[in-house]
Amino acid sequence: MNKEQIIDALKTIVQPYSEETSALAHIDENTDFINDLKINSANLVDIILDIEEKFNIEIDNDSMAKMLNVKATTDIIAAKLEARAGQ
Amino acid sequence: MTKHEILAKLPYGKSFLFVDELLHVDENGAKGTFTYIENLFFYEGHFKNHPVTPAVILAETMAQIGLVCLGIYLVKDIDQDVSVAMTSNAIDFLKPVYPDEKVTVTSEKIYFRFNKLSCKVKMVNMAGELVCKGNISGMLISKENG
């Protein structure tokens, strides 16, 4: 799965948690979950849980703390997927 | 952590405390009771000459027993005061609760991840009838001591 595919999947996951239609329509690497999509900490947890389920990976506390924007989140998902593939 | 210690850590004042006794708490859930005595403040207005426990109070009772007591227990090893902010709930209200009714609330943990606690909670009346049920979630917020 390449980065664009990951971002596409992320868009689908994030959509139900944000009312910011314009920001949602223009999600890219620079989109910030809190500032641009106005997602609160409780919904951010649900997004992380949805990511775990969708990609079949486990997100630890340190990774979670970094997953505040699309770029960091995509990097972490890509790294986890790669680590799993290498096992 | 004893049930008594959990009750002592609840952050509510007398007028908004909806936990009388905590019957059981473990890693997976909590169970407790509350009796809505007839002179509680909201009966005067809900409704005029026809007191019925407001659904929002039933939801608060479910949250205090099912979510907050469990949350305090789950972070018992952390030496900090904890408060819980309810972040979402979806509850069905099936039966009215009148003054002087005693209810029992039981919660089952769905998940506790990244300080978010999500529970399936139900409330039964003294006849054992289901009064309300649903899912409640909240964020646990630690406050530094002192």
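Quick notes
- Kirkwood Rh, Cα atoms: Rg over Rh of the protein assembly as shown: 1.06
- Computed [θ] at 222 nm, deg cm²/dmol, chain B (DSSP H ≥ 4; -39,500 (n - 2.57); rounded to nearest 500): -3500 deg cm²/dmol
- Per-residue average of Cβ from other chains inside 10 Å of B:115-121: 3
- Cross-link partners of B:Lys31 among lysines (Cα-Cα below 25 Å; sequence separation of 8 or more within a chain): B:Lys3, B:Lys9, B:Lys14, B:Lys76, B:Lys95, B:Lys102, B:Lys109, B:Lys116, B:Lys120, B:Lys122, B:Lys133
- Counting only residues at least eight positions apart within a chain, or on another chain, the aspartates and glutamates with an alpha carbon under 15 Å from that of A:Lys3 are A:Asp28, A:Glu29, A:Asp75, A:Glu82.
- Mean per-residue shielding of peptide A:35-42 is 3, counting Cβ atoms of other chains within 10 Å of each Cβ.
- Reciprocal mean inverse distance between Cα atoms of chain A - Kirkwood radius, Å: 12.9 Å
- Per-residue shielding of A:45-54, expressed as the average number of other chain Cβ atoms within 10 Å of the residue Cβ, stands at 3.
- Remark: segment B:1-117 carries a charge dipole of roughly 200 debye about the Cα centre, counting +1 on each Lys and Arg Cβ and -1 on each Asp and Glu Cβ.
- Only Lys, Arg (+1) and Asp, Glu (-1) charged, at Cβ; segment A:3-85 dipole about Cα centre in debye: 80 debye
- Here the mean projected area of the convex hull built on the C-alpha positions of segment B:6-121 is 7.3 nm².
- Residue-averaged 222 nm ellipticity for chain A, from DSSP H runs of 4+ at -39500 (n - 2.57), nearest 500: -18500 deg cm²/dmol
- Segment B:1-33-segment B:53-68 distance, computed between alpha-carbon centres (Å): 12 Å
- Exposure proxy order (Cβ contacts within 10 Å, fewest to most) of B:Arg113, A:Arg84: A:Arg84, B:Arg113
Laboratory data are not the source of any read-out in this text; all were calculated from the coordinates shown. Small disclaimer: the values here were computed from a predicted structure and weren't measured. Neighbour counts run over all protein chains shown; Cβ positions are idealised from the backbone, glycine included.
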